[in-house]
Amino acid sequence: MRAASLKGTNYLVRMENSWIEYAEKFTSDESDVLRELREHCYAHFADKSMLSGFVQGRILSMFSRMIRPKIVLEIGTYLGYSALCFAEGLADGGKVITLDIQEDSNRVARSFVERTVYKDRIEFHLGNAVEIIPTLPETFDLVFIDADKPNYSNYYNLVFDKVRPGGFIIADNVLWSGRVLDADQDGNTKALHEFNRMVLTDDRVSNVLLPIRDGLMVVCKP
Ligand SMILES: C[S@@+](CC[C@H](N)C(=O)[O-])C[C@H]1O[C@@H](n2cnc3c(N)ncnc32)[C@H](O)[C@@H]1O
């Protein structure tokens, strides 16, 4: 078990929340490459909160180990942290397909993934996810929505028929630092609140909104 200080640094929560430190301390460690990637992000990238933190990364990895997906679709690669977490639970011969529009962060993601045993099992696509998703022929066992917030509902609708029966859709940031509770909401907040409402009223699925980090919406397509 490593020191909590190496695991910690969750930019979305106040670190005086000692139960979060406790949860970090009593959670299995990540790989050296994942830790290095987080530290690289915190040292060199302005958008530190975009990367899934340590505990969320371990949760995504655990979901993947529970589901044993053959194909994961990730919408929003950033530095490849969550893609590497999902890769840890892939079924034999499985792969993570990850989409992003930003070249600079994608270069960093590829360089870190290249150093891992998952280098041939993570497929990068650079471009607008709204345009890429309809071109993908695969059926997905698990979809992770973690890109531009105004498109969350679009992403859900675009992937829905491509998710296998019994598959899952997980969406990050659905609490938007609590702003979904505000009466006066900006565009991103409205989009996320609308997404949450759409999922809840979709009678084709069951869902749970986990109040973990910035909120994870977990949807099962029966
Ligand atoms: C929150 S970050 C992803 C973080 C990553 N999933 C993780 O947990 O480490 C969101 C990413 O979505 C990407 N993005 C935003 N709009 C996009 C679009 N229309 N198509 C593809 N990617 C997009 C951004 O470039 C950014 O890298």
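Points to keep in mind about this one:
- Sorted by Cβ neighbour density within 10 Å, fewest at the top, the residues Phe195, Phe124: Phe124, Phe195
- Rounded if a/c under 1.5, otherwise prolate or oblate - the range 75-222, Cα gyration tensor axes: prolate
- Those trypsin sites (Lys or Arg not before Pro) in the range 165-221 that DSSP places in a loop and that have at most 12 other beta carbons within 10 Å: Arg204
- With the cut-off at under 13 Å, measuring from each backbone N in the range 132-168 to a point 7 Å along the Cα-to-Cβ line of Asp203 picks out no residue.
- Long-range HN-HN contacts of Gln185 with modeled amide H, under 5 Å: none
- Between Asp161 and Leu126, the modelled label-to-label distance comes to 3.1 nm, taking each label 7 Å out from Cα in the direction of the beta carbon.
- In terms of distances greater than 27 angstrom between alpha carbons, the cross-link table entries Lys48/Lys221; Lys25/Lys95; Lys25/Lys119; Lys25/Lys190; Lys48/Lys119 yield Lys48/Lys221; Lys25/Lys95; Lys25/Lys119; Lys25/Lys190.
- Mean residue ellipticity, 222 nm, helices only, the chain: the sum of -39500 (n - 2.57) across DSSP H runs of n ≥ 4, divided by residue count and rounded to 500, is -11000 deg cm²/dmol.
- With 0.36 nm allotted per residue and the present C-alpha distance subtracted, the Phe26-Leu181 stretch has 52.7 nm of extension available.
Quick note: the coordinates plus some simple rules give every number you see, no bench work behind them. Everything numeric in this text was worked out from a predicted model, so none of it was measured. Here Cβ is always computed from backbone atoms with ideal geometry, including for glycine, and neighbour counts include all displayed protein chains.
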